[in-house]
1. Just wondering, is there one or more residues in the stretch 237-254 that are on the phi < 0 side of the Ramachandran plot, surrounded by fewer than 20 Cβ atoms within 10 Å (Cβ to Cβ), over 20 Å from the mean Cα position of the chain (by Cα) and hydrophobic (A, V, I, L, M, F, W, C)?
2. So, restricting to helices (runs of 4 or more DSSP H) that lie completely within the stretch 121-183, which ones have at least 3 residues that are exposed (fewer than 15 other Cβ atoms within 10 Å of the Cβ), basic (Lys, Arg) and not assigned by TED's automatic domain parsing to the domain that holds residue 52?
3. Being surrounded by 15 or more Cβ atoms within 10 Å (Cβ to Cβ) and either in a helix (DSSP H, G or I) or among the polar types (S, T, N, Q) (or both) is the requirement here; does residue 292 meet it?
4. Taking the stated definitions as given, is residue 263 crowded, with 20+ Cβ neighbours inside 10 Å, within 30 Å of residue 198 (Cα to Cα) and small (Gly, Ala, Ser)?
5. Within the stretch 56-98, which residues are among the acidic types (Asp, Glu) and touching a residue at least 12 places away in the same chain (Cβ under 8 Å)?
6. For residues that are closer than 15 Å to residue 256 by Cα and of a type in the set (S, T, N, Q), tally how many sit in the stretch 347-385.
7. How many of the residues in the stretch 364-400 are surrounded by fewer than 16 Cβ atoms within 10 Å (Cβ to Cβ) and within 22 Å of residue 311 (Cα to Cα)?
8. For residue 108, state whether it is crowded, with 18+ Cβ neighbours inside 10 Å and either farther than 21 Å from residue 62 by Cα or of a type in the set (Val, Ile, Thr) (or both).
Amino acid sequence: MSTRAARVGHTSLRLACVRLVQQLLSNGGSLTRLLPEAQARVEPREQAQLQAWCYGFARHSGELAGIVDQLLDKPLKAKDLDVYLLMQLGILQLRHTPISAHAAVDETVKVARQLKKPWARALVNAVLRQYQRRADELEAALSDAQRLSHPQWLLARLQGDWPEHWETICQQNNERAPMTLRVNCRQGTTQDYLQRLRAAGHAAQQVPQLPQAVQLEQPAGVQLLPGFETGAVSVQDAAAQLAAGYLTRHARRDGRLLDACAAPGGKMAHALELGHFAEVLALDHDPQRLQRVADNLSRLKLTGNSRLQAADAAELALWWDGVPYDAVLLDAPCSGTGVIRRHPDIKLLRRESDIQTLVAAQSRLLDSLWRTVAAEGVLLYATCSVLKCENDTQIESFLARTDDAALLDATWQILPGDGGMDGFFYAALGKRSRSTIAMGRSDES
């Protein structure tokens, strides 16, 4: 390939990145949803680079915008959001990629013409050249929210909830997450699979305290993982793999399990792989997301004793047959603030006003689903959040208004990066029988 052809390709790639981020900010969605379509419009060899730039953009968005804002004499008009983002993409390349400074500046400037805004070439060039000369000064002037690339409202909540850990949480959120696998114990042992990985050229090690968890030293496409297509292994963070251990430890063997917000189905699939439950029902309000659960179970060959139903878990009259469940998994809708390192666009898309709505939805689900738990059964409440209003405070409120509920273990808040894991929260709630409640009241009198 000629140098000229390579440059044209890279320029179009920069345009694709600007267009995708502009679409994300203007119309919502997510990188997970929008990226595949954008990648289909570029050369296969360019798809990984497009992903890296888009995720890097989201990861460092506050810092990039803070630097560009200092270099503009006045804010750009709303119709020129694409030019504003193009300048940020140039800063991203200069600050966070190995691309040569010359190529980062020159190729980024060329995109202004592709945006049909040739007037912007001089502005983009001036901003990037000034950054090269004044980088230390500009970076020193950033606020904490800009430096750590977290919206001010989220930073304030993290500082209030975690006064000793907020900066570490933010720093971990800006790191790339490791790739962790869950070995399907129905198809082989973890040690056997580690040998298969090594034979395929993948360095990996077992995660301590998690029998089926394996962490790769370098991420790899699932198509390169031995046995992935036949169900030997799944991609699942170590923190998420803790759910199955809670369920099997506290629920009776051969009982009934309800996964109330199942998609994409990793926790439910893990429980099925362990063979602890005789019957499993998976609910999700989104039929398309529920199809992902079906696809995963089919790949893992786990369709025998499971049933899937599209329904709002809180609307019991629409799906519950009145027969109680020995275990209920409530992987509740949440802010996702514990998995920002995997989904950095959360920082761009989440609003503070969302939190109150989510807390109310969690409370509604807890109250409704508690009715489906059998006496002496367990409800496992889980979120991928680090906000206390969604976690400890939510559980404290539930226990205060629910006479027959008690914690089976201390709640567990995992912060991002702890043991290499994502941020997660778990609370195992046991349902006391009426006789147990009566005995407790008698003891108090």
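1. Scanning the stretch 237-254, I find no residue that is on the phi < 0 side of the Ramachandran plot, surrounded by fewer than 20 Cβ atoms within 10 Å (Cβ to Cβ), over 20 Å from the mean Cα position of the chain (by Cα) and hydrophobic (A, V, I, L, M, F, W, C), so the answer is no.
2. Of the helices (runs of 4 or more DSSP H) lying wholly inside the stretch 121-183, none has at least 3 residues that are exposed (fewer than 15 other Cβ atoms within 10 Å of the Cβ), basic (Lys, Arg) and not assigned by TED's automatic domain parsing to the domain that holds residue 52.
3. yes
4. In short, no.
5. 63, 80, 82
6. Total meeting the criteria: 1.
7. So the count comes out to 3.
8. Taking the combined requirement at face value, the residue satisfies it.
The values are calculated or read from the model by the stated rules, or taken from the named source; none is laboratory data. All figures in this text were calculated on a predicted structure; none of them were measured in a lab. Methodologically, a virtual Cβ is constructed for each residue, glycine included, from the backbone with ideal geometry; neighbour enumeration extends over all protein chains shown.
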